[in-house]
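Asks: Dropping a structure here in structure tokens format, bear with me for questions.
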Amino acid sequence: MTGVSDGPLERLRQAVERTSALTCGRPPSGRGHDDADDHVGTIATDSARGFDPFPLLRALHEAGARVAVIGQVAGIMHGSLELTGDLDLLWDGDPAQVDALAHAFAVAGCHLLDEERRPVEPGPQAFLLRKVQFESPRVSGDCCTPALPWGTLPVRDFLARSLTASDPDGLAVHYLRREDLIRMRRAIGRPKDLRRAEELENL
């Protein structure tokens, strides 16, 4: 039986610590998570400096927002050793959730942007967009809905069958299944995605 010490959230905590050690003292580059290249990813951007997704994940949990972690943070929760500097999220786009989402992102101190990186007024209306980008000193990334052009990927199905990792202190974090994450990686097809998909397949 897998113990808490090597569970998904502990893997993520260890990755956050490794990211802090790697980026400590690294001078700013002027590049944010949206400027990441297709090979190295966001670990090489300023978004990795001070990266800690836990305050936002806890705020989402406490607000009762049903959101699943996707991207490399989900990969880390499955055991990937590659570090990241951003948090990507998927939710179902149901307007009934917008109040909870707005509250959680406000609690975590995030400011919001649209897909063109234009500032979005904080509040529930922001989450009627198909995707919202978020930034704060501790975490940045994308909060996506199935309304984005995902091609043939059945992202609603991915969301519905997502896994849940829990801590003894009550934090619960939803994240995509490994096989669904691999499908996403291969569909996107950037060098970093293909490399990470192969790593996940070999875990």
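Asks: For residue 90, all conditions in the list (1) modelled with pLDDT of 95 or more; (2) surrounded by fewer than 20 Cβ atoms within 10 Å (Cβ to Cβ) hold save one; what is the number of the exception?
Replies: (2)
Asks: Just to be sure I understand the filter: pairs with C-beta atoms under 6 Å, separated by 6 or more residues or on different chains, first member in region 129-149 and farther than 17 Å from residue 74 by Cβ and in contact (Cβ under 8 Å) with a residue 60 or more places away in the chain, second member of a type in the set (Asp, Glu) and open to solvent by less than 40 Å² (accessible area, probe 1.4 Å). Which pairs pass?
Replies: Every condition considered, the pairs that remain are 133/142; 138/52.
Asks: What number of residues within region 46-78 are in a loop (DSSP other than H, G, I, E, B), farther than 20 Å from residue 132 by Cβ and open to solvent by less than 20 Å² (accessible area, probe 1.4 Å)?
Replies: The qualifying residues number 0.
Asks: Sort out which residues of region 132-179 are in a loop (DSSP other than H, G, I, E, B), touching a Pro at 6+ places or on another chain (Cβ under 8 Å) and open to solvent by 70 Å² or more (accessible area, probe 1.4 Å), and write them in order of number.
Replies: Listed by number, the list holds a single entry, 138.
Asks: Okay, moving on. Has region 119-128 got any residue that is open to solvent by 10 Å² or more (accessible area, probe 1.4 Å), hydrophobic (A, V, I, L, M, F, W, C) and modelled with pLDDT of 95 or more?
Replies: yes
Asks: Out of 108, 21, 74, 100, which single residue is closer than 20 Å to residue 162 by Cβ and out of contact with any Gly (no Cβ under 8 Å at 6 or more places or on another chain)?
Replies: From the options 108, 21, 74, 100, the qualifying one is 74.
The values are calculated or read from the model by the stated rules, or taken from the named source; none is laboratory data. If you're wondering where the values come from, they're calculated on a predicted model, not measured in any experiment. A quick note on method: Cβ atoms are made from the backbone with ideal geometry, for glycine too, and the neighbour counts reach across all protein chains shown. Only protein heavy atoms, including side chains, enter the accessible area calculation; ligands, DNA and RNA are left aside. Shrake-Rupley method; radii C 1.70, N 1.55, O 1.52, S 1.80 Å.
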